[in-house]
């Protein structure tokens, strides 16, 4: 559905050159939710803006539904953009127009027949749950409601693809959840492919099928959310995954503990998170495990449990315990102290 | 009071209409020139929808140059041009050109700054929906900027009323001229005071009108 091929983007300000994107290629399938995560300055915003040519790549090609946008004439590009909806971090609504007008105006400007405009606006305001706020101005709405208006505006174009540029980053956790629910519904019920960027791991976990990790303008890791989440390869990805899992044990504590045993992190996927592994290893081997941190994350497809434990005991026994855990499909990793 | 009015009433009324006429005509023409110019400045500036360095710097410089010249000097500087274009340099006709030359660049600047205030994100959102630049200018940028534009035009109008006071120097009449001719040169201070009061009321009314209108258009 969306394919970026060897996309590079260099910004030149005076004599300074900034390479925002370095040879990025990615492919998003029809009907999936693909998320790109990265810290600010990683280039993810530039990346998503390349998908509808708000930012023209210095090099590379951008295919939407098989059409290379970079080769289109201006008017053709305008038409192609009708198929690509976009929502933004700061909503970008008209402040001088009502909710209804905000959704209707772009339709009027794209020459949608009058009777159809009303139908569409009503339909999509209902989908986002704002039909009651039709005649209200954006200033009277909360952040979440504003984003809903923006989503309705994008949907009313009846796009095949929705680009989401940090759509939940300006919202509080509760509102973020409700907007994510809405995006999931949009994806499932309307079959719209979603390409989103975010710096919040939570967003990726909850709604994405696949994820890409950006770092310094490069896509350093890519895969299904479960894989990337449970077996992160690139240091940057590990940073995201482990920072999130509350594994922030003070270094002094880690040091003390590694003197008396081994510090490992355990990752369980799906069903495995329900099994009492720790109890099992204490019975089978001469080890004393103690839990330092842990939690279960609900991913879109499955749940993932993580534990940071300290294993005390004879090194050979500890080694056996670890092999046992691995045989039970638990991912065990040494935690550096 | 009645006595004063029988003596000065006709003069004051006439001067009042002259001021309104001069202000009205020059304002209308200045808007017709200044508004498109303001839009062009926004579009041709760096990062604008139709970036054009040459055009932008030329227009920008001309506006700055004109805006540096005090109106009273502009009035005389433009005499030959006025004569060539209008055929006369005196009366209301003779003063319209200098007033327009004075006000249009000012309005262009005010419109430019009003338009620049419009949230870039909104413009981008409309670009992302495949809406053409022309439509974005009319239906997004100008609509969103209306309130600020009205306030700018109010400021320009009041400045214009001030400038018309100097129009007396070329025999165009008006309230300012009346106050100067009678109040100052012929020592009739009461006439001057009355004119000042009328001007104060006029300016107040303009400002209030502009504020109310701007507030109505503003929804945040």
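Values quoted throughout were computed directly from the atomic coordinates according to the rules given, and no laboratory measurement underlies them. Keep in mind that this is a model prediction, so the values were computed, not measured. Don't worry about glycine lacking a Cβ; one is built from the backbone with ideal geometry, like all the others, and counts go over all protein chains shown.
Just a few scattered comments:
- The three principal axes of the Cα atoms in the protein assembly as shown give end-to-end lengths of 118, 53, 50 Å, sorted in falling order.
- Mean per-residue shielding of peptide A:87-99 is 5, counting Cβ atoms of other chains within 10 Å of each Cβ.
- By DSSP, the beta bridges lying fully in the protein assembly as shown are antiparallel in about 70 percent of cases.
- Cα centroid separation - region A:17-33 against region A:250-317, whole Å: 36 Å
- Per-residue Cβ neighbour counts within 10 Å put B:16, A:88 in the sequence B:16, A:88, beginning with the fewest.
- Within 10 Å of each Cβ in A:178-191, the average number of Cβ atoms from other chains: 0
- Among B:121, B:176, B:87, residue whose mean-square fluctuation peaks in a GNM of chain B (springs only between Cα atoms under 10 Å): B:121
- Folded to 0 to 90 degrees: helix A:143-156 orientation relative to chain A principal axis, Cα: 60 degrees
- FRET efficiency, 1/(1 + (r/R0)^6) with R0 45 Å, evaluated for residue A:142 and residue A:58 via beta carbons: 0.70
- MRE, 222 nm, helices only [DSSP H, n ≥ 4, -39500 (n - 2.57), over chain A, to nearest 500]: -11000 deg cm²/dmol
- The ranking of A:68, A:122 by Cβ neighbour count inside 10 Å, starting from the fewest, reads A:68, A:122.
- Overall Cα dimensions of region A:244-334 - principal axes, largest extent first, Å: 39, 30, 16
- Relative exposure of B:77, A:183, judged by other C-beta atoms within 10 Å (fewest first): B:77, A:183
- For region A:287-326: rounded, prolate or oblate by the Cα gyration tensor [a/c cutoff 1.5]: oblate
- Across peptide B:119-126, the mean count of Cβ atoms from other chains lying within 10 Å of each residue's own Cβ comes to 6.
- 0 to 90° range, to nearest 10: angle between helix B:2-44 axis and chain B longest Cα axis: 20 degrees
- Considering region B:67-220 at the alpha-carbon level, its Rg and Dmax are found to be 19.9, 67 Å.
- Region A:2-236 - share of DSSP beta bridges that are antiparallel (%, nearest 5): 55 percent
- For chain A, the longest principal axis of the Cα atoms and the long axis of helix A:173-189 meet at an angle of about 70 degrees.
- Under a Gaussian network description of chain A, with springs only between Cα atoms under 10 Å, the residue in A:66, A:295, A:38 that fluctuates furthest is A:66.
- For region A:2-236, the fraction of C-alpha pairs farther apart than 21 angstrom is 57 percent.
- Spin-label pair residue B:134-residue B:197: with each label point 7 Å from Cα along the Cα-Cβ axis, the two points sit 5.4 nm from one another.
- Theoretical ellipticity at 222 nm over chain B - DSSP helices of four or more residues, -39500 (n - 2.57) apiece, nearest 500: -25500 deg cm²/dmol
- Inter-label distance, residue A:327 to residue A:280: 1.0 nm, where each label sits 7 Å from its Cα along the C-beta direction.
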